[in-house]
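Every read-out reported here was derived from the displayed coordinates using simple, explicitly stated rules and does not represent laboratory data. Everything quoted here is computed from the prediction, not taken from an experiment. Glycine also receives a Cβ, built like all others from the backbone with ideal geometry; neighbour counts cover every protein chain displayed.
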Amino acid sequence: MLLKDKVAIVTGGAGINGLGFATARQMAAQGARVVVMDLARAEPAAAAARLGAGHLGVVGDVTEKDACVAAAAAAVQAFGRIDILVNNAGITQPVKTLDITGADYDRILDVSLRGTLYMSQAVLPAMRAAGSGAIVCISSVSAQRGGGIFGGPHYSAAKAGVLGLARAMAREFGGEGIRINCITPGLIETDITQGKLSPERKKDIEDTIPLARLGRADDVAGACVFLASDLSAYCTGITLDVNGGMLIH
């Protein structure tokens, strides 16, 4: 198993049809003990229980630094270490540039960008003490192509910020054995997309993708497992596209 005896924290991991839960499930299947962190209404304890015995659900908001520190402390208390962090928590909003309010901007950037910073800060001390670790940050193809199907310009900006933050952290902590990488998913079928695309619109989008389909949560989860495992031991600061060829560059 690729992640035997590793301890992983997955933020925004409780949504059963989401990228986070798919990642938690695959990591558990590869031998990791998983800490699912999410808001109370998402019921992270129930999500952790679905993974089987030996996993932990933690309630926390990634935009609150104290909550991030508490989640990391809970992982260390339960399992003695933190080997992996998946910065998955994020929200989107389909609005145009001139319609973005200050509150919109703060809300979207806080979850994706501030949350990535706060959770990384929370786990890095444990990783530094161990002399190893892997952080995987979920960005988006919208950061690369300038906009997406469901996200406004502030979402693109937040996800582009994640790329820059991750690369800077990769430079800073590489010498201590900590690898930090990004994944840029394309259009993935999750709860966010359900009911929002007509069959005709979906077909139009699929026709622009070389692999001729939308992505699945497990497609991104597999990439997370790769970047968290020793298979990617010489990868840091990279951006791994998981978009079916939607953006070839």
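If amide H atoms are built 1.01 Å from N in the plane of the peptide, which residues on other chains or at least 5 residues away come under 5 Å of the amide H of LEU211?
Placed amide hydrogens put nothing under 5 Å from LEU211.
Starting with the fewest neighbours, write out ILE205, ILE183 ranked by other beta-carbon atoms found within 10 Å of each beta-carbon.
Working: ILE205 16, ILE183 27.
Result, fewest neighbours first: ILE205, ILE183.
Roughly how many Å is it from the Cα centre of the range 50-123 to that of the range 27-42, as a whole number?
Here the answer is 13 Å between Cα centres.
Taking the Cα-to-Cβ direction at LYS203 and at ALA73 and moving 7 Å from each Cα, how far apart do the two end points lie in nm?
It is 5.6 nm.
I'm a student and want to see the number: the projected area of the Cα convex hull of the chain, averaged over all directions, in nm².
Working: hull surface 51.5 nm².
If you wrap the Cα atoms of the chain in a convex hull and average its projections, you get 12.9 nm².
Among LYS65/LYS203; LYS96/LYS203; LYS65/LYS202; LYS6/LYS203; LYS4/LYS65, which pairs are too far apart, with a Cα-Cα distance over 31 Å? Spell out each step's value before the answer.
Details: LYS65/LYS203 42 Å; LYS96/LYS203 24 Å; LYS65/LYS202 39 Å; LYS6/LYS203 40 Å; LYS4/LYS65 29 Å.
Violating the 31 Å limit, Cα to Cα: LYS65/LYS203; LYS65/LYS202; LYS6/LYS203.
Using only DSSP helix segments of four residues or longer, with each worth -39500 (n - 2.57), what per-residue ellipticity at 222 nm results for the chain after dividing by its residue count and rounding to 500?
About -12500 deg cm²/dmol.
Computed FRET efficiency, Cβ-Cβ of ARG41 and LEU98, R0 35 Å: what is it to the nearest 0.05?
Working: r = 32 Å, r/R0 = 0.90.
Result of the calculation: an efficiency of 0.65.
Let me know the charge dipole size of the range 7-242 about its Cα centre in debye, to the nearest 20, where only the beta-carbon of Lys, Arg (+1) and Asp, Glu (-1) is charged.
Details: 21 positive and 22 negative charges, 41 e Å.
Magnitude of the dipole: close to 200 debye.
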